[in-house]
Amino acid sequence: MQPPSLAVIKVLVHLDPVQTLTASASVVNAGETLTWYDAPTAGNVVLDPSLSVIGSITYYAEASDDTSGCVSLSRTVVTLEIFAVPDAPISGGNQSACALDPVQTLTASASVNAGETLTWYDAPSGGNVVLDPSLSVIGSITYYAEASDDITGCVSLTRTAVSLEILETPTAVITNNTGVTELTCSSH
């Protein structure tokens with residue numbers, strides 16, 4: 001008798017609320033029953049081969065013939081794994097400044113943990129990747145930072161907003177003691 005087919009590894013990213021993964025395999029022929037165990041040989045029968053916390057667990061599927069009672073020579077391995085998602089990036093702070101001449105460049109900043117990569121977007125979800133999260137004209141813009149785990153590829157559940165603003169610098173006005181604006185030029 002053949003072991004159950006579909007040796008798979010099921011991987012899922014942790015979501016909020018935590019979801020449940022359930023092991024699955026198909027029986028080779030009609031008239032066979034599938035039984036899950038916690039070990040490749042012997043072990044305990046597992047009635048609910050599932051995982052609903054961050055971590056991993058391995059289950060073993062065994063096929064048995066309903067008539068003869070014979071069992072498969074080996075068990076099919078199924079590993080379930082739920083990865084933790086990284087925390088949202090920590091903002092380097094919103095920035096607001098009066099324009100200089102020439103207008104300066106403000107660049108958004110945020111930090112992530114070691115083993116994670118920071119990616120900037122132009123929207124709080126979906127959106128487009130922004131390679132240069134900066135502002136160098138009068139106006140304002142908000143960029144959104146997302147963390148991704150370098151090993152699992154899991155991304156933060158939320159993005160961190162960082163706003164940049166360059167304000168127009170007011171023009172100096174000279175007034176005399178009568179309140180009338182005057183600008184006088186003299187030549188020597």
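The values are calculated or read from the model by the stated rules, or taken from the named source; none is laboratory data. Treat the numbers as computed from the prediction; the structure is a model and nothing was measured. Note: ideal-geometry Cβ built from the backbone for every residue, glycine included; neighbour counts use all protein chains shown. Accessible surface is based on the protein model in full, side chains and every heavy atom, while ligands, DNA and RNA are left aside. Shrake-Rupley method; radii C 1.70, N 1.55, O 1.52, S 1.80 Å.
Inside the stretch 95-114, residues that are within 22 Å of the chain's Cα centre (by Cα) and surrounded by 11 or more Cβ atoms within 10 Å (Cβ to Cβ) make up a count of 6.
Within the stretch 73-94, if we keep just the residues that are open to solvent by less than 20 Å² (accessible area, probe 1.4 Å) and β-branched (Val, Ile, Thr), the residue that is farthest from residue 115 (Cα to Cα) turns out to be 76. Just so you know, in the stretch 84-116 the residues that are assigned to a loop (DSSP other than H, G, I, E, B) and among the β-branched types (Val, Ile, Thr) include one that is farthest from residue 165 (Cα to Cα), and it is 85. Does the stretch 52-72 contain at least one residue that is touching a residue at least 60 places away in the same chain (Cβ under 8 Å), out of contact with any strand residue (DSSP E or B) (no Cβ under 9 Å at 6 or more places or on another chain) and surrounded by fewer than 16 Cβ atoms within 10 Å (Cβ to Cβ)? No, that holds for no residue.
The residues of the stretch 67-83 that are under 42 Å from the mean Cα position of the chain (by Cα) and either of a type in the set (Lys, Arg) or not in a loop (DSSP other than H, G, I, E, B) (or both), listed by number, are 75, 76, 77, 78, 79, 80, 81, 82, 83. Taking the conditions (1) modelled with pLDDT under 95; (2) farther than 30 Å from residue 143 by Cα in turn, residue 46 satisfies each one other than (1).
Okay, residues lined up against (1) in contact with a helix residue (DSSP H, G or I) (Cβ under 7 Å, 6 or more places away or on another chain); (2) hydroxyl-bearing (Ser, Thr, Tyr); (3) modelled with pLDDT of 65 or more; (4) not in a loop (DSSP other than H, G, I, E, B):
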{"site": "151", "(1), (2), (3), (4)": "no, no, yes, no"}
{"site": "158", "(1), (2), (3), (4)": "no, yes, yes, no"}
{"site": "163", "(1), (2), (3), (4)": "no, yes, yes, yes"}
{"site": "166", "(1), (2), (3), (4)": "no, no, yes, yes"}
{"site": "171", "(1), (2), (3), (4)": "no, yes, yes, no"}
{"site": "188", "(1), (2), (3), (4)": "no, no, no, no"}
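For residues that are open to solvent by 30 Å² or more (accessible area, probe 1.4 Å) and of a type in the set (Asp, Glu), scanning just the stretch 139-158, find the one that is nearest to residue 55 (Cα to Cα). Per the stated criteria, the residue is 149.
Of all residues in the stretch 113-124, none are at pLDDT below 95 and touching a Gly at 6+ places or on another chain (Cβ under 8 Å). Selection of the stretch 47-66 for residues being part of a strand (DSSP E or B) and either under 22 Å from residue 29 (Cα atoms) or out of contact with any Leu (no Cβ under 7 Å at 6 or more places or on another chain) (or both) yields 55, 58, 59, 60, 61, 62, 63, 64, 65.
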